[in-house]
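Taking it in order: structure first as structure tokens, then the write-up.
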Amino acid sequence: LRKCLRDHDTLDVAAWWKKVKLPKVEEKAKRSLTWDQYAGLCRAAAELRASGYLEALVRVGVECCCRPQELAALRAEDYAAGQVRVRQALCPRTGAVKARKTTWSRREVDLSPAARAAVDRWLAH
């Protein structure tokens, strides 16, 4: 970067980018749960019998593709008519709840019947 800037009296962005050599970054292989792993995780959470909380947490987290901060910020009011509204997230540094910024991160997700039953059991408890 220093060499590029030293060589040019005026900053010509096109010429500058031609001289910059970007490092090669290898993408990590994406990993996701298989259906069998997901079912096993749900069974294990249900067997712990922690008032249904863990099973509901696992099912909602996986089905809504929630980040941990989003999952921590969900409230009972965010669940209605079989849908979960993800609108906010917990800031890990301050502990404050903040609204999601982008359209993609604000979402409403229809839950499967098994997830609805788990959330209903937990809320009834």
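The values are calculated or read from the model by the stated rules, or taken from the named source; none is laboratory data. As the structure is a computational prediction, the values presented were derived from the model and not from experiment. No Cβ is skipped: glycine too gets one built from the backbone with ideal geometry, and neighbour counts run over all protein chains shown. In case anyone asks, the SASA skips ligands and DNA or RNA and just uses the protein heavy atoms, side chains included. Shrake-Rupley method; radii C 1.70, N 1.55, O 1.52, S 1.80 Å.
Miscellaneous remarks
- Extreme residue, surrounded by the most Cβ atoms within 10 Å (Cβ to Cβ), among residues of region 37-58 that are in a helix (DSSP H, G or I) and of a type outside the set (A, V, I, L, M): E55
- Among residues of region 31-55 that are within 15 Å of W122 (Cα to Cα) and without any contact (Cβ under 8 Å) to a residue 60 or more places away in the chain, those with a Cβ under 8 angstrom from a residue that is open to solvent by 60 Å² or more (accessible area, probe 1.4 Å) and not polar (S, T, N, Q), sequence gap 6+ or separate chain, pair up as L54/L48.
- Qualifying residues in region 99-125 (those that are in contact (Cβ under 8 Å) with a residue 24 or more places away in the chain and part of a strand (DSSP E or B)) - the one nearest to the chain's Cα centre (by Cα): R107
- Search result, residues across region 59-96 that are in contact (Cβ under 8 Å) with a residue 60 or more places away in the chain and either β-branched (V, I, T) or open to solvent by 50 Å² or more (accessible area, probe 1.4 Å) (or both): none
- None of A96, A81, A72, A89 is at negative phi, more than 13 Å from the chain's Cα centre (by Cα) and among the small types (G, A, S) except A96.
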